[in-house]
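Step one of this worksheet: look at the structure below.
The values are calculated or read from the model by the stated rules, or taken from the named source; none is laboratory data. Worth saying up front: this structure is predicted, and the values here are computed from it rather than measured. For neighbour counting, all protein chains shown are included, and Cβ atoms are generated from backbone atoms with ideal geometry for every residue, glycine included.
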Amino acid sequence: MAKLNPYYVVGFIDGEGSFSVSIGRHKTLKRKLEVRIEFAIELRADDRKILQRIQETIGVGRIYDLNYDRYGWYPHVKYKIGNIQEIKNYLLPFLDKYPLQAKKRRVYALFKQVVLLAVAKKHLSDQGYNKILNFREQMRKFGKKHKLETARIRENRLSSGVRQKNIDLDTARHVSEAGGARNPSLWGPKANSVTRTKS
């Protein structure tokens, strides 16, 4: 698979990428909560090839199939880097060398601080954990709210004309941390990994 021009990838991330910091339950940790850090790009499945080329260019990550049949949407694919060491060793150097140009560069700057804290195990202390919560809150301020009838949603609908469910987008889970487009993959579709992580 041929690599892409890095500046093209940066522009793509400016438009479609998401930087996510979330807090999840973890039974074995002292705090019973864990910090989950993820970078992702999600597209319709007929754009799989571009995600494969982005993966090849960055050098790491996995690609998942996502099924949205219950929403009457076309299938999607998601490119994701969720391993903290892979984010540190591949994604951060890439985006530091080829900087983002749009508003998302500010989200990335906050995301990078969270990554570095987690790599240094600072998130295990109360002080470090609270810093991460503060960075996460700042990231969320750059999030976008989308009305139900957006061009993106209409594009995702199947030609069968299945009606979109009446969903309250203020309460639905979406990537507000990312500063990017609303990501329906967090609503709970079945995701199948189809590409192994590159070493």
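See the values below:
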item	result
The listed residue being of a type outside the set (Asp, Glu), at positive phi and either modelled with pLDDT of 90 or more or not in a helix (DSSP H, G or I) (or both), out of GLY161, GLY180, GLY143	GLY161
Breaking point among (1) modelled with pLDDT of 95 or more; (2) of a type outside the set (Asp, Glu); (3) more than 17 Å from the chain's Cα centre (by Cα), for TRP73	(1)
Matching residues in region 31-63 - criterion: being part of a loop (DSSP other than H, G, I, E, B) and among the hydrophobic types (A, V, I, L, M, F, W, C)	VAL60
Failed condition for LEU95, given (1) in a strand (DSSP E or B); (2) buried (at least 19 other Cβ atoms within 10 Å of the Cβ)	(1)
Output for region 58-116, where each listed residue is small (Gly, Ala, Ser) and either touching a Pro at 6+ places or on another chain (Cβ under 6 Å) or touching a residue at least 60 places away in the same chain (Cβ under 8 Å) (or both)	GLY59, GLY61, GLY72, ALA102
Tally of residues being out of contact with any strand residue (DSSP E or B) (no Cβ under 6 Å at 6 or more places or on another chain) and assigned to a loop (DSSP other than H, G, I, E, B) across region 73-85	2
Number of the condition not met by TYR90 [criteria: (1) within 15 Å of the chain's Cα centre (by Cα); (2) buried (at least 18 other Cβ atoms within 10 Å of the Cβ)]	(1)
One residue from TYR108, TYR68, TYR79 being buried (at least 16 other Cβ atoms within 10 Å of the Cβ), more than 16 Å from the chain's Cα centre (by Cα) and closer than 28 Å to MET1 by Cα	TYR68
Residue under evaluation VAL60, criteria (1) of a type outside the set (Phe, Trp, Tyr); (2) at pLDDT below 95; (3) closer than 20 Å to TYR98 by Cβ, criterion not met	(2)
Selection within region 111-130 - over 19 Å from the mean Cα position of the chain (by Cα) and basic (Lys, Arg)	LYS121, LYS122
